[in-house]
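What follows is calculated from the coordinates using simple rules that are stated; it is not laboratory data. Because the structure is a prediction, the values reported are computed rather than measured. A quick note on method: Cβ atoms are made from the backbone with ideal geometry, for glycine too, and the neighbour counts reach across all protein chains shown.
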Amino acid sequence: MRTAVWRRMQELWPAGSSVLELNCGTGVDAVWLGQHGVVVVATDAAAEMVAVAQRRGVDARQLRAESIADLAALGPFDGVLSNFGGLNCVGDLSEVFDGLAACVRPGGTALLCIMGPVVPWEWIWYLLHRQPRKAFRRLARVTWWRGMPIRYPSVRSTRRLLKSAFEVDRVWALGALIPPSYAEGWVQRHPRAMASLARTERRIEQWPGIAQLADHYVVEVTRR
């Protein structure tokens, strides 16, 4: 999945671009962007994550996504990245998107990777393992992980919140066919099947309705 995101990052932000990253975690994406000539300012709410990213040489700062407008003076940035569900930990996405609008130059782009609420892979996997509560947990729209509420906004609601300042360019599926991380054992036993699923997913990633059924959906937008 990360390889698919990196492919798009490279197409959106050539060497010399400046990118602001939200929810950077341990800095894996920031390091990759830096290796490709992109200047990254990375943020995360967790001090431990920021410390790991800094040890990797990332310009990382501890900051909640809701406070991202505080970094507007460092911009305007050419792009914004939030990868693999960081925005699912946010209580008020409208506040975050308003902050992003203050940080991104007109014509700049954002790539936002969000966990969706409807994931057939997850249903099948956990039902086969006799765990129905986990199978349908996202349909509740809010779950709890280590004391943190996790929300699962739909594609439609995310587009609606973005439209005041951004133009939605494309929405694509990530993990509609590719098994999620908890199926790693299956993946290791079936590498050829996995490769075939990955190729097929990339061919159909923008088909109507596919993004709504994926483990994550990716929204790409341009600042008006």
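If you take the residues in the stretch 199-224 that are surrounded by fewer than 17 Cβ atoms within 10 Å (Cβ to Cβ) and touching a Leu at 6+ places or on another chain (Cβ under 9 Å), which one is farthest from ASN88 (Cα to Cα)?
Result: THR200.
How about the stretch 170-197: which of its residues are closer than 24 Å to THR109 by Cβ and surrounded by fewer than 16 Cβ atoms within 10 Å (Cβ to Cβ)?
The one that is closer than 24 Å to THR109 by Cβ and surrounded by fewer than 16 Cβ atoms within 10 Å (Cβ to Cβ): ARG170.
So, in the stretch 126-142, how many residues would count as being under 13 Å from ALA183 (Cβ atoms) and aliphatic (A, V, I, L, M)?
Going through the stretch 126-142 one residue at a time, the tally reaches 1.
Restricted to the stretch 50-65, and to residues that are assigned to a helix (DSSP H, G or I) and among the β-branched types (Val, Ile, Thr), which residue is farthest from SER18 (Cα to Cα)?
VAL52
Among what's in the stretch 1-23 and is part of a loop (DSSP other than H, G, I, E, B) and in contact (Cβ under 8 Å) with a residue 40 or more places away in the chain, pick the residue that is farthest from LEU197 (Cα to Cα).
SER17
Just name the residue that is surrounded by the fewest Cβ atoms within 10 Å (Cβ to Cβ) out of those in the stretch 66-87 that are in a strand (DSSP E or B) and not polar (S, T, N, Q).
ASP78
Pairs only if they're at least six apart or on different chains, beta carbon under 7 angstrom, first in the stretch 130-157 and within 16 Å of GLY91 (Cβ to Cβ), second surrounded by 11 or more Cβ atoms within 10 Å (Cβ to Cβ) and aromatic (Phe, Trp, Tyr); list them, first residue then second.
ARG141/TYR152
Name, by its number, the condition in (1) part of a strand (DSSP E or B); (2) without any contact (Cβ under 8 Å) to a residue 40 or more places away in the chain that does not hold for GLU167.
The failed condition is (2).
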